[in-house]
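Participant: Supplied in structure tokens, the structure appears directly below.
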Amino acid sequence: MSFFTRPQSANAAIKIVRPTSSGGGEPEQPPSIKPPTGRKDCRPYAQYRYSRCHSPRAESPAVAPALSSPPTPTALTANAVNAPVFVPKFPVRIETALTPPPPASPSPPQYPEEQEQQQAVYDEYDEYMGYPAAGVDPVVDSMQEMAYASDPNYPGYDPAMDHAYFGTQAPVFVRQPLNYHLYTTLIPPSFVSSASDAHFIPPSGELRTLLQGRSEDLHTAPPPGLNLPEEMQGYHSLMPLENIGSSVERRKFGNWNSIVYRAMNSQDGGTYALRRIENFRLTHQAAFGAIEAWVKIRHPGVVAVHEAFTTHAFGDSSLVVAYAYHPQAQTLFDAHLKPALPSYQLGVRFQPPPPTPPPIPERTLWSYIVQLAAAIKSVHDAGQALRMIDVTKVLVTSKSRIRVSSCGVVDVLMYDTPQDMHLLQLEDLTLFGRLVFALCTGNVMASSGGNFQKSLEVMGRMYSPEIKSVALFLVNKGGPHKNIAQLMEIIGSRMAAEMADALSCTDILENELMGELENARLVRLLCKFGFINERPEFARDPRWSETGDRYIIKLFRDYVFHQVDENRNPSVNLSHVLSCLNKLDAGTDERIMLVSRDEQSCLVVSYKDIKACVQSAFEELPRAGTSSNIATGGGYR
Ligand SMILES: Nc1ncnc2c1ncn2[C@@H]1O[C@H](COP(=O)(O)OP(=O)(O)OP(=O)(O)O)[C@@H](O)[C@H]1O
């Protein structure tokens, strides 16, 4: 009988070879590995299951646990692959260059009770419950024994110490490193539930739809025939965000006509919202001084100002102020006050008036008040005034999240009529109060003249007295020392609730992000597989895929994607795929058995080796071409 001994650069791949008569006749030991029998299917799964339970964990390169890792073999060479193949005629024994031949009983002794407990723990975490466990298939069992016995990294068992296990000393099992390379385990839903509706964030499924919608929004093209400038001060692909047809009644921005466009900036590739004020003549360049101040203000409650310029690109002299673009943003008016469109049935308009929108829930209202108060405070602290707190200028940018838009425009437009900043800041509070009235009653004119008393009654009926107090504090004249900080004191307790909800939102988003953690690295790996496997230009060259690194990659791909069940039906187990690819990316020391397609040879190889194979095959690609050059690019390695 002969053994396959690995090349001098002892690597982790173990080739199972054909036994020959020159090896000295009958094996002296009971066989530690049996040839593949009729039940070959699912062996890799079973091997996998075993390895998860017993082989040491390696760390992900990104998050290496501070545990000493055992010596690891070097990468597998092409020679190992070209070694003689295993023919399952006689029982054979396996030997590695790293370990002495296993003792008569290679499997580590375990006390039945401990074994049971361990198995229970493994089973609890085993996502491959449906696959045959150790002990089911004799081939699997012997492969497991082999992997166990030949694994120098298993810290809990030393064959030379067999006697110790049967003595009085209890076996020592070293804690394994954490499974950093496995797919991420999310925080239990009872702690952070992304399935339920949170204040600032919809359930996970809806959130995805929402984000998809926003992404789509960024790419929508304008209808043809709008006759918009192709390019303007570095902005292109302009698309109006409101109807601009001649039949549309247009509201005014103060005394000016205004329109908002979405546009791309060719310098940074970003998307911006451009507010254009038509027919504006700039008399003093210094009018842009306020914009400089606004560019410096960054607050989550304020739509960020980017820059301002004048242009003749629209055929007139326009002022344009560029803002951060928030896809699918709606004004508060559109979100809460706008009556629903009249219903039509069979082309006939219904007579009843359109339904009024439902009242805003009190929690949402408090949230708006707290966010606006925080935004105003930050702007006032920066020495500016918002001057545009209005239901048509405050944007709802995501669930319960609002931002004041159009900042800085009035400062430029009204540059010629300078006003006292303190008075402007007081005016902000009054505008804020009017907005609260409008949101409570659904009427933009709620705080004016004859509506005032009726509005207070409505507010008293529908909301808590604190809301009314806040609205009254804001619209009442107050002394000259009235300021936003006083409001903050009044709403202090509501701010605590707001903060708790905001932090919960962060937790949920972080948890969601955890679920996406592996995406990038897995896509990169799959791309490499795509580059390497089945290249048509090497289709007639068996050396390409049947030798060296690429052969191992080919077998590994079969192991990952082409498993069959006991009835030879394709097994489609995404968890298996993800788990294998994660381990491959992390390059763990865990070993798996790769079986050739004719099932006549097997290779036991670690993920670390396969990772090296993938890397070297990928790097070899540009050199592998003959006359044709295979281009690489993008720097993804
Ligand atoms: N920064 C922005 N990001 C995304 N969308 C925006 C942004 N600023 C404004 N919008 C959108 O542009 C559209 C027009 O804004 P605008 O402020 O003109 O509202 P409006 O209701 O038409 O008010 P007005 O009648 O005063 O023009 C609105 O639908 C608004 O949601």
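The values are calculated or read from the model by the stated rules, or taken from the named source; none is laboratory data. All of these numbers come straight from a predicted model, not from anything done at the bench. Quick reminder, even Gly has a Cβ in these numbers, built from the backbone with ideal geometry, and neighbours come from all protein chains shown. For the accessible areas, the whole protein counts, side chains as well, though only heavy atoms, and no ligand, DNA or RNA atoms are used. Shrake-Rupley method; radii C 1.70, N 1.55, O 1.52, S 1.80 Å.
Participant: With 27 Å as the limit, write out which pairs from Lys399/Lys583; Lys296/Lys393; Lys454/Lys477; Lys399/Lys482; Lys554/Lys608; Lys338/Lys468 have Cα-Cα distances beyond it, or answer none.
Facilitator: Lys399/Lys583; Lys399/Lys482
Participant: Between Arg623 and Asp381, 0.36 nm times their residue separation minus their Cα-Cα distance comes to what?
Facilitator: Numbers: separation 242, 0.36 × 242 = 87.12 nm, distance 6.21 nm.
That pair, Arg623 and Asp381, stretches by 80.9 nm at full extension.
Participant: List the residues whose amide H sits under 5 Å from the amide H of Gly587, counting only those 5 or more places along or on another chain, with H placed 1.01 Å from N in the peptide plane.
Facilitator: none
Participant: Along the Cα→Cβ direction, 7 angstrom out, place labels at Asp268 and Met499. What is the inter-label distance in nm?
Facilitator: Simple spin-label model gives 3.0 nm for this pair.
Participant: Kindly report, to the nearest 10 Å², the accessible surface of Lys468 as traced by a 1.4 Å probe over protein heavy atoms only.
Facilitator: Accessible surface of Lys468 is approximately 70 Å².
Participant: How large is the dipole of region 425-573 about the Cα centre if only Lys and Arg carry +1 and Asp and Glu carry -1, each at its Cβ, rounded to the nearest 20 debye? Could the numbers behind the result be given before it?
Facilitator: Numbers: 17 positive and 20 negative charges, 88 e Å.
Using only the charged Cβ atoms, the result is roughly 420 debye.
Participant: Let me ask something additional. Which of rounded, prolate, oblate describes region 541-611, given a ≥ b ≥ c as roots of the alpha-carbon gyration tensor eigenvalues and a/c under 1.5 marking rounded, otherwise prolate only if a/b is larger than b/c? Present the calculation step by step, with values, prior to reporting the outcome.
Facilitator: Details: a/c = 1.76, a/b = 1.05, b/c = 1.68.
It is oblate, given that a/c is not under 1.5 and a/b is not larger than b/c.
Participant: What list of ³J(HN,Hα) values in whole Hz, one per residue of region 407-420 in order, does the Karplus curve 6.51 cos²θ - 1.76 cosθ + 1.60 (θ = phi - 60°) give from phi, with Gly and Pro shown as x?
Facilitator: These are the phi-based 3J(HN,Hα) values: 5, x, 5, 4, 4, 6, 5, 9, 4, 6, 10, x, 10, 5 Hz.
Participant: Same structure, new question: State, to one decimal in nm, how far the label point of Arg214 lies from the label point of Arg557, with both points 7 Å from Cα in the Cβ direction.
Facilitator: Inter-label distance under the simple model: 3.8 nm.
Participant: Something else about it: For Leu578, put the label point 7 Å out on the Cα→Cβ axis and report which residues of region 500-514 keep their amide N under 20 Å from it.
Facilitator: 508-514
Participant: What full-extension length gain, to one decimal in nm, is calculated for His312 and Arg461 as 0.36 nm per residue of separation minus the Cα-Cα distance? Intermediate values should be presented prior to the final figure.
Facilitator: On the way: separation 149, 0.36 × 149 = 53.64 nm, distance 5.24 nm.
Fully extending the segment from His312 to Arg461 adds 48.4 nm.
Participant: Considering only DSSP beta bridges with both partners in region 267-407, what is the antiparallel share in %, to the nearest 5?
Facilitator: Numbers: 20 of 21 bridges.
The antiparallel proportion sits near 95 percent.
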